[in-house]
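> Pasting a structure here, questions to come.
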Amino acid sequence: MKKTAFQWMRKHLIGLRDLSREELEFILDTADGFAEISTRSIKKAPTLRGKVVVNMFFEDSTRTRNSFTLAAGRLSADVIEFTKKSSAVNKGETLVDTARNLEAMGVDIIVIRHSAGGAPTLLSRSINACVVNAGDGYHEHPTQALLDVYTIRQVRGRLDGLKIGIVGDIAHSRVARSNIYAMTKLGAEVTLIGPPTLMPPHVRDLPVRVSNSLDNVIEELDVINMLRIQFERMGGNPFPSVREYSHFFALTAERMKRAKPDITVMHPGPLNRGVEIESEVADGPNSVILRQVANGLAIRMAVLFLVNQAAMQTESSKS
Amino acid sequence: MEKILITGGRVIDPANQFDSQADVLLAAGQVARIGTHLSASADRHIDATGKIVCPGLIDLHVHFREPGDEEEETIASGSAAAVAGGFTSVVCMPNTTPPIDEATAVEYVHRMGRQARKTFIYVMGALTKDRAGQELSEIGLMHQAGAVGFTDDGSGVQNTAVMLRAMKYASMFNTLVAQHCQDNTLIKDGVMNSGYHSTVLGLPGMDPLGEELMLWRDVQLVRKTGVRYHAQHISTAGAVEIIRQAKRDGLPVSCEVTPHHLLLTEDCVMDYDTYFKVNPPLRTAADVQAIREAVREGLVDALATDHAPHLQSEKELEFLAAPFGIASLECALPLYRKALIDTGLTDWMGMLAMLTCRPAKILGIDKGRIGPGDRADVAIIDPNAEWVIDAEAFYSKSRNSPYHGWTVKGKVLATMVAGEIRYFCPEWSSIKQ
């Protein structure tokens, strides 16, 4: 086995903002190893046998939750599913109390999805178990961004020098934030595209370019990531109508004609077909949307494996 | 009532521009004499050599949570915290449950204050019924019951017509109208300053414009109504500029700033630490600089803690869900010192003016000075004592202090209210019978 100087030290994965390029690449390389398991007839490894993973989902999710459940299962962990709708005003048991109760039952890893930015940070401060962020408010969604860059690396070989466009509701997107950190650290140049009303405050302080015109920049892009328009998260009406939004920012077959022929088309799902992306494009030859989903599994196996390993190392170094 | 002789201290009385070593004799609840080498007989002799003797401090912005949220603070526990911080008069905000929006509620707060027998308790009434920003509350009746001003603090009055009506009406009583400036249509569900940090944290931001637009609007309404107007806890450079202009125009406009807006920036919330969640939010370093500059220029009339106690369990919630507020009455003085004196922006005379006679003037109360014949509200301060802030030791019922563990300089040693010792620092042993 190749001896590597690098050692993964984090028992929590809250976001990608603090991660180094080396750490990001280490996760992607680790995922490569786990991708192989999915090709076997018996898709299981004993890596997390005897460990308990809880999926704490305070927000609707099908894709991410199933992906984590499957990833934990393939690593032979016991999985507890915990779902509860969270509201802005907290009533009843607090998040920290809920987590402490689960921890008392011997949970090793908490995977949390929450509508409040910072909820995983709060947990990581309050409990001993590993915390993996499965999306918090519009803060970060690290495993989504990891599977995005993993997919790009798979398709394009590397991210260095690639021009990547992220289109849509940047202001309310945790995917966009995690994407920006991962992609720029891996050497890509990121352009955010959308109306000013969907850009977050001080967006230009991020390591990105900003454009209000998809038509102006589409020709230069190597990769385009179409964000879902999240009607439930936007206050007021940041654009006059879906029709008008689509007119300026949807990835249509017509617009694709002006893109590079080998442009990689991505979408974190779920799709609003006909809103931000036309079906013909979503299902077309440039689309890697389903490959993203498949890769999510390997990424999540890698993340669960790594945080657990880091936790065990801290344990053993204590004793 | 016992006679107290305080000797050898540096007496600073900003109202009289007095700053000199002197002895102070308190008798019958009043300052009887001030002079050198007083040899009057006294029941109690306090050696204040090397200490500052000044008028008891005034805080015109505290939340004592009673009625309604007595698990967080009561008027009794808040009063104990106040005297431990050197405050002999505080003004309770009306955003209790139910709010202080009628005369019996004003009287209730006064009564609880008298029962607590610690500090003088004043109260502002709600400007509108139920603080809903729609109908005027009984401003006149509350004024007669002793309310020292009117505000919907916690939020600003959104509707311009309502605010204009309230100001016109209040001007009839020559009372004070105070405002928590914030345009809700811009702020929405904001929980921190709007900017790069809120973008990175993925939290809804509060645009500084929200504060500035309402303040600017109100200043125009003052121009029209002539009412005495007080801008509460200003937090942005833009707000400072609006105050500067209003004062230049000679309008009856005053403002206050808090310790946290003088010392802390939005960087503090980068770890989602709810102890730094406060409203108005912590702003940028440039805003802090502008507010400090405003102090240096004399634009700031009062220092106010906005003491806002909350339960630990509430502050342990998600940043979005946790309540706004910092409890700081007991450590305010050294914080002000750190922000204003250690930085050379002002001196003790200037700082104490913003804690005594200047807020007294805003409130129209006969307090905040210690000339002969004045009420014996006195604080004794060791300006150089170093100590570590320990929230666990607070008299306040709450512990939500981001300053816990800070090493600070300046300690309140004794607080006298109407000639009675209401607080005496346990570590100060120089009292003599």
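The values are calculated or read from the model by the stated rules, or taken from the named source; none is laboratory data. What you see is a predicted model; the values in this text were computed from it and never measured. All Cβ positions, glycine included, derive from the backbone under ideal geometry; neighbour counts span all protein chains shown. The accessibility values were calculated without ligands, DNA or RNA, using every heavy atom of the protein model including side chains. Shrake-Rupley method; radii C 1.70, N 1.55, O 1.52, S 1.80 Å.
> State to the nearest 20 debye the size of the charge dipole of chain B about its Cα centre, where the only charges are +1 on K and R beta carbons and -1 on D and E beta carbons.
The calculation lands at about 1360 debye.
> Here are some pairs, B:LYS277/B:LYS397; B:LYS247/B:LYS361; B:LYS129/B:LYS168; B:LYS3/B:LYS411; which of them have Cα atoms lying more than 21 Å apart in this structure?
In this structure, B:LYS3/B:LYS411 exceed 21 Å between Cα atoms.
> Counting only protein heavy atoms, what percent of the accessible surface of the protein assembly as shown is carbon or sulfur at a 1.4 Å probe?
On the protein assembly as shown, the fraction of accessible area on carbon and sulfur atoms equals 50 percent.
> Protein chains only, probe 1.4 Å: how do B:ARG248, B:ARG337, B:ARG117, B:ARG399 rank by accessible area, largest first? Don't skip to the end; give the middle numbers.
Numbers: B:ARG248 155, B:ARG337 25, B:ARG117 130, B:ARG399 60 Å².
Per-residue accessible area, sorted high to low, gives B:ARG248, B:ARG117, B:ARG399, B:ARG337.
> Test of understanding: in a Gaussian network model of chain B with alpha carbons linked when under 10 Å, which of B:GLY202, B:GLY78, B:GLY419 would top the mean-square fluctuation ranking?
Top of the fluctuation ranking is B:GLY202.
> Mean residue ellipticity at 222 nm from the helices of chain B, using -39,500 (n - 2.57) per DSSP H segment of n ≥ 4 over the full residue count, to the nearest 500 deg cm²/dmol?
On the way: 14 runs with 122 residues, N = 433.
The helix contribution divided over chain B gives -8000 deg cm²/dmol.
> Something else: Measure nothing fancy, just the Cα-based angle from helix B:285-297's long axis to the longest principal axis of chain B, in degrees from 0 to 90, nearest 10.
Approximately 50 degrees, to the nearest ten.
> Among the residues of region B:189-213, which ones have their accessible area go down by 40 Å² or more when all the protein chains sit together, as opposed to their chain alone (1.4 Å probe)?
Going by heavy-atom accessible area, the residues of region B:189-213 that drop by at least 40 Å² are B:TYR196, B:THR199, B:VAL200, B:GLY202.
> By DSSP, what percent of the beta bridges with both residues in the protein assembly as shown are antiparallel, rounded to the nearest 5?
Bridges in the protein assembly as shown that DSSP calls antiparallel: roughly 35 percent.
> Okay, moving on. Determine the residues within region A:199-241 where the difference in accessible area between the chain on its own and the full set of protein chains amounts to at least 50 Å²; count protein heavy atoms only and use a 1.4 Å probe.
A:PRO201
> So which lysines pass the test for A:LYS185, namely a Cα distance under 28 Å, with those fewer than 8 places away in the same chain ruled out?
Hits, sequence-local ones excluded: A:LYS2, A:LYS3, A:LYS11, A:LYS163, A:LYS260.
> Enumerate the lysines that B:LYS409 could reach by cross-link, defined here as Cα to Cα under 18 Å, with residues fewer than 8 away along the same chain left out.
B:LYS51, B:LYS338
> Among A:MET56, A:MET226, A:MET105, which one shows the biggest mean-square fluctuation in a GNM of chain A, springs joining Cα atoms closer than 10 Å?
A:MET105
> Relative contact order for chain B using alpha-carbon pairs under 8 Å, separation at least 6, rounded to a whole percent?
The normalised contact order for chain B reaches 20 percent.
> Further question: Assigning unit charges at the beta carbon (Lys, Arg +1; Asp, Glu -1) and nothing else, what dipole magnitude in debye, to the nearest 20, does region A:173-295 show about its Cα centre? Please report the intermediate quantities before stating the final value.
Working: 14 positive and 14 negative charges, 72 e Å.
Result for region A:173-295 is approximately 340 debye, rounded to the nearest 20.
> Another question, if that's okay. Please work out whether region B:56-363 counts as rounded, prolate or oblate from its C-alpha gyration tensor, where a ≥ b ≥ c are the square roots of the eigenvalues and a/c under 1.5 means rounded, while otherwise a/b larger than b/c means prolate and anything else oblate?
Rounded shape, in that the Cα axes give a/c under 1.5.
> With a 1.4 Å probe and all protein chains kept in place, how much accessible area does B:SER20 have, in Å² rounded to the nearest 10?
Approximately 50 Å² for this residue.
> A follow-up question, please. Enter the accessible area per residue of the protein assembly as shown (Å², integer; probe 1.4 Å; all protein chains in place). Numbers along the way, then the final one.
Details: 28490 Å² over 752 residues.
On a per-residue basis, 38 Å².
> Ok, one more. Roughly how many Å² of A:ARG153 are accessible to a 1.4 Å probe, to the nearest 10?
A:ARG153 has an accessible surface of roughly 60 Å² with all protein chains in place.
> Cut-off 10 angstrom, C-alpha nodes, Gaussian network model of chain B. Which of B:ALA116, B:ALA81, B:ALA332 fluctuates the most?
B:ALA116
> Follow-up question, since we're still on this one. Rounded to the nearest 20 debye, what is the charge dipole size of region B:1-58 about its Cα centre when +1 sits on each Lys and Arg Cβ and -1 on each Asp and Glu Cβ?
20 debye
> Before rounding to the nearest 500, sum -39500 (n - 2.57) across all DSSP H runs of length at least 4 in chain A and divide by the residue total; then give [θ] at 222 nm in deg cm²/dmol.
On the way: 11 runs with 122 residues, N = 319.
That calculation yields -11500 deg cm²/dmol at 222 nm.
> Compare the Cα positions of B:VAL288, B:HIS307, B:LEU317 along the charge dipole of region B:279-318 (+1 at Cβ of Lys, Arg; -1 at Cβ of Asp, Glu; about the Cα centre) and return the one farthest towards the positive end.
Final value for the positive-end residue is B:VAL288.
> In nm, to one decimal, how far is the A:GLN313 label point from the A:ARG21 one, both placed 7 Å along Cα→Cβ?
Once both label points are built, they end up 2.2 nm from each other.
> Among the DSSP beta bridges whose two residues both lie in chain B, what percent are antiparallel, rounded to the nearest 5?
Restricted to chain B, the bridges split so that about 55 percent are antiparallel.
> Any idea what angle helix B:208-225 forms with the longest principal axis of chain B, computed on alpha-carbon atoms, 0 to 90 degrees, nearest 10?
So the helix axis and the longest Cα principal axis differ by about 80 degrees.
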